[in-house]
Amino acid sequence: MKLGGKLSSKFDFILFGAVLILLVFGLLAIYSSTQNVTQVRNNFEKQIFALGLSLVLFFIIYGLPTTLIRTMVPWGYGVSITLLIAVLIFGKTIGGAKAWIDLGPLNLQPAEFSKIATLLALASYLELKGQDLDDIKVIGKYLLIGLFPVALIMLEPDLGSSLVYFGMLLTLLFWRGISSFGLFVVLAPPLVMISSLFGIWYILGAFVIVAAFLIVFKRNIFITSSLLAINFASAFFVKYFFNILSPHQKKRILSFIDPNSDPLGAGYNAIQAQIAIGSGGMWGKGFMSGSQTQLQFIPELWSDFIFCVIGEEFGFFGSIIVISLFLVVFLRILKIAGETKNEFLSLVTVGILSIFVIHFAINIGMVVGIVPVIGIPLPFVSYGGSSLLSNFIMLGVVFNIARSKQVIN
């Protein structure tokens, strides 16, 4: 009894069980959506292979000394940057993005693993003593660490992965306790950038808001001028940023506001996804019986739009189960982050949580039509070897931290 209680206190069986059930839903959906498509029929076997490798990595990472997590920071970040550069030179283009390195049975996507390395580097930087998040220099160095890999990823281009990095950057700052001024410094440029997509009047409105906040904060002339210059530069950067996107990504963003404006083009996936979700009803049409799924009305059902398969074949009931399982995963990881005594490990845990949450929110959101279709997998459910490996590496880190949280000072 004592041994069982000790084991359960160190290994979160509820969290691991929720992930296993999500894997089952994912494997069923991958099998159903690929068996009628000859060229991807072996995706199910590839996912099983990736799952086996992922579980091995998970238990290896779980058993490692927790102190190794910190020692991985410098070389891990360096290797990830090297891989991001290598993929731009030697990478394989899939779906308009040069984001994969061909390794035979698996296509390695460096952006997936760079998230982990960048997270460790950011957490290590924030944990340094004397870091004042009200200091523009501190925030600037922090953003440089986080946005350098984003710049490389945007050259692929991969908009979906880039958004995950932005979300992770903000989450770590919140968890660390950023001041209102520091938060303004980080959020103002994205506000201006988004506003510039809608026209000159929106840009002017954004600058009025920025100027008002600068007046309220009452900083010296150098800081105020620097922030105004950065925000002006952000507005001009949007045009360059939009131009480097691939044509299909541009169309996806433009069709987000009104998918029906191009129902057979950029808005097609969004419309068909909503039809599939809605047609499932309460209990679904049954495994391998969904018309949208089996007739392949939606491209890439096994990856970015896998929730459509679940919604159509398992219905509202199955969809709610999947969403509830994700909530269990999120709450358990948040509990571990809150209970971890070491600031660095706590930041790492909440950063991993942010990556999972952002993936979940964007993937589900684009399926139901509330965010643009930008292409991002659903953790533990969507097809993709790199994504699954990355997810289990992060999960292994979380379990490792949970195992040692009572002894780390």
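Exposure proxy for S382, S226: other Cβ atoms within 10 Å of each Cβ, ordered fewest to most, give S226, S382. Beyond 30 Å, what share of the Cα-Cα pairs of region 11-404 is found? Please give it as a whole percent. Of the Cα pairs, 43 percent sit more than 30 Å apart. In order along region 146-152, the phi-based Karplus estimate (6.51 cos²θ - 1.76 cosθ + 1.60, θ = phi - 60°) of 3J(HN,Hα) comes to x, 8, 4, x, 4, 4, 5 Hz; Gly and Pro are listed as x.
Coupling constants for region 57-65 follow from the phi torsions by the Karplus curve (6.51 cos²θ - 1.76 cosθ + 1.60, θ = phi - 60°), and in residue order they are 4, 4, 6, 5, 5, 4, x, 6, x Hz; glycine and proline get x. Separation of the alpha carbons by more than 23 angstrom is noted, of K10/K46; K137/K218; K10/K341; K46/K92, for K10/K46.
Of the residues S114, L144, L88, the one whose Cα sits farthest toward the positive end of the charge dipole of region 26-148, with +1 on the Cβ of Lys and Arg and -1 on the Cβ of Asp and Glu, is L88. Per-residue packing, averaged as other Cβ atoms within 10 Å, sorts the ranges 281-289, 167-175, 373-381 into the order 373-381, 167-175, 281-289, beginning with the highest. Rounded if a/c is under 1.5, else prolate if a/b beats b/c, else oblate: with a ≥ b ≥ c from the C-alpha gyration tensor eigenvalues square-rooted, which is region 116-232? Judged from the Cα gyration tensor, region 116-232 comes out oblate (a/c at least 1.5, b/c at or above a/b). Listed by chain and number, the aspartates and glutamates placed with their C-alpha closer than 17 angstrom to that of K141 are E127, D132; residues fewer than eight positions away on the same chain are left out. Descending by average beta-carbon neighbour count within 10 Å, the peptides 59-68, 80-89 line up as 80-89, 59-68, the highest first. Between I230 and K141, the distance separating the two model label sites (each 7 Å from Cα on the Cα→Cβ line) works out to 1.5 nm. Amide H contacts for A99 (H built 1.01 Å from N in the peptide plane; partners 5 or more residues away or on another chain; cut-off under 5 Å): K92, I94.
Computed 3J(HN,Hα) for region 331-343, one whole-Hz value per residue from the Karplus formula 6.51 cos²θ - 1.76 cosθ + 1.60 where θ = phi - 60°, is 5, 5, 5, 4, 4, 5, 4, x, 8, 6, 6, 6, 5, glycine and proline marked x.
Where a number appears in this text, it was derived from the coordinates with a stated rule and is not lab data. It should be emphasised that the depicted structure is a prediction, and the values quoted were computed from it without experimental measurement. Neighbour counts are summed over all protein chains in view; Cβ atoms, including those assigned to glycine, are modelled from backbone coordinates with ideal geometry.
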